[in-house]
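Visitor: Below you will find the structure I want to go over with you.
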């Protein structure tokens, strides 16, 4: 490989490692930049103890003891000063830090940083929280020193945290308690092989403390209003870098061009459907490799690596942020890779007063097996 190509790949690799942190900053700053009222906040600390779920038999050798750790959260309280706060029953939002000892020397330890939002139910006694961000793994796969770690092929991982708590605030001098269940997911989306990923299911218990001693304001009541909007056309380009499960085959760029229509059912929910073209160059490399290495597969090496899919999904709006999920099916599928069905989980961030432009961060997978972490930009016409 010549020097210019090595230099270019080095720049791309470095940029893709730090893009998740950039997207986390962009998605986190939305509420901070718009808040103009009195600031009411709290902190939480949890201890958790759990188990690594064997979602794939290939990680069975890594599940040896029960992982444990701590979660620290900084929450901003909402009281309905903005319409979206009232519509979502006055959620908390903020930043989360997590530390997890995987209790296996090959997996090491994990440090996570998340942007989170927490919703309340049953007279604010039940709290459902979700956080998304990045994590640092202290002992990723290495062919010489840590070849048993087939879960994490890189130090930088995407991280997702789900929490369901019984939650009580201000029981004594600003202190309260919470206890419940947590789920931690870590993966690099096949940015670097291997990438089997891990899911930790845990029990957690902890304390919370309100940082404001002045009187807490009353919640501003929510008044429902009618909402109607015509069907909109969206064009979206996703991009990134990934590689196949063949260790050492190398990273390749990918581009996904999507066109879809969406219909907002209300201010908080939308449905959408469309079609997309996949140009995944790792698949081209994999086809050529298997044609040479496995002649018994009867692969010529000339098979088309492009794929075309149709998809449909659901999107949930929280102000200008929009978590979404969709399922897809390849209608053009010349080479068999992980099956015709695929799925996504991700988040959008809309920009501008008319919210025509948006950025996107998503994980594309085939069932529980991730193919890629996708970054994207789009327009809603």
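Any read-out appearing in this document is the output of simple, stated calculations on the displayed coordinates, not a laboratory observation. Because the structure is a prediction, the values reported are computed rather than measured. We place every Cβ from the backbone using ideal geometry, glycine too, and count neighbours over all the protein chains shown.
Visitor: Between residue 179 and residue 312, what is the label-point separation in nm under the 7 Å Cα-to-beta-carbon projection?
Guide: Placing both labels 7 Å along Cα→Cβ, they lie 4.4 nm apart.
Visitor: If you don't mind, there's one more thing I want to ask. Which whole-number percent is the relative contact order of the chain (Cα, under 8 Å, 6+ apart)?
Guide: 12
Visitor: Inverting the mean 1/r over all pairs of different Cα atoms, compute the Kirkwood radius of segment 313-381 and quote it in Å.
Guide: The answer is 13.2 Å.
Visitor: Also: Let me know the Kirkwood hydrodynamic radius for segment 165-223, please, with Cα pairs as the basis and the value in Å to one decimal.
Guide: Kirkwood hydrodynamic radius for segment 165-223: 15.1 Å.
Visitor: Counting only Cα atoms, I'd like the Rg/Rh figure for segment 274-326, Kirkwood definition for Rh.
Guide: Result: Rg/Rh = 1.27.
Visitor: Ok, one more. Quick one: pull the percentage of alpha-carbon pairs in segment 232-380 with a separation above 17 Å.
Guide: Percentage above 17 Å: 62.
Visitor: Grab the beta carbon distance between residue 296 and residue 123, set R0 = 56 Å, and tell me the FRET efficiency rounded to 0.05.
Guide: 0.30
Visitor: Scaled to the compact-protein estimate 2.2 N^0.38 Å, what is the alpha-carbon radius of gyration of segment 20-210, rounded to two decimal places?
Guide: Compared with the compact-globule rule of thumb, segment 20-210 sits at 1.10.
Visitor: Something else: What percent of all Cα-Cα pairs in the chain falls into each 20 Å bin, going from 0 up to the bin containing the maximum distance?
Guide: Bin by bin from 0 Å, the calculated values are 26, 55, 18, 1.
Visitor: Note the full-extension length gain between residue 255 and residue 111 as 0.36 nm times their separation in residues minus their Cα-Cα distance, in nm to one decimal.
Guide: Stretched out fully, the residue 255 to residue 111 stretch lengthens by 48.8 nm.
Visitor: Compute the FRET efficiency between residue 341 and residue 147 as 1/(1 + (r/R0)^6), taking r as their Cβ-Cβ distance and R0 = 45 Å, and round to the nearest 0.05.
Guide: 0.90
Visitor: Fewest to most neighbouring Cβ within 10 Å: what's the order for 186, 219?
Guide: 219, 186
Visitor: Dividing the alpha-carbon radius of gyration of segment 222-283 by 2.2 N^0.38 Å (N being the number of residues), what value is obtained?
Guide: 1.72
Visitor: Here's a follow-up. Please report Rg over Rh for segment 89-182, where both radii come from the alpha carbon positions and Rh follows the Kirkwood definition.
Guide: 1.12
Visitor: Please tell me the relative contact order of segment 54-183 in percent, rounded to the nearest whole number, where contacts are Cα pairs under 8 Å and at least six residues apart.
Guide: Relative contact order of segment 54-183: 18 percent.
Visitor: Another question, then. Using the beta-carbon distance between residue 245 and residue 379 and R0 = 41 Å, what value does 1/(1 + (r/R0)^6) give for FRET efficiency, to the nearest 0.05?
Guide: Efficiency computed from Cβ-Cβ geometry: 0.75.
Visitor: Follow-up question, since we're still on this one. Need the C-alpha centroid separation for segment 306-353 versus segment 137-172, integer Å.
Guide: 25
Visitor: Want the number for residue 332 to residue 171: 0.36 nm per residue separation, take away the alpha-carbon distance, what's left?
Guide: Length gained between residue 332 and residue 171: 52.0 nm.
Visitor: Next question, about the same structure. Neighbour counts of other C-beta atoms within 10 Å: give me 55, 88 arranged from fewest to most.
Guide: Ranked by crowding around the Cβ, least crowded first: 55, 88.
Visitor: Something else: For residue 203, project a label point 7 Å along Cα to C-beta. Then give me every residue of segment 160-174 with its amide nitrogen under 18 Å of that point.
Guide: Flagged as within label range: 163-167.
Visitor: Shape call for segment 109-257 from the C-alpha gyration tensor, a ≥ b ≥ c root eigenvalues: rounded (a/c under 1.5), prolate (a/b greater than b/c) or oblate?
Guide: Verdict is oblate for segment 109-257.
Visitor: For 102, 341, which order do you get if you count the other beta carbons within 10 Å of each Cβ and list the fewest first?
Guide: Starting with the residue having the fewest Cβ neighbours, the order is 341, 102.
Visitor: Continuing with this model, one more query. With each run of n ≥ 4 DSSP H residues scored as -39500 (n - 2.57), what mean residue ellipticity at 222 nm is computed for the chain after dividing by its residue count and rounding to the nearest 500 deg cm²/dmol?
Guide: Taking each H run of at least 4 residues, the total per residue is -4500 deg cm²/dmol.
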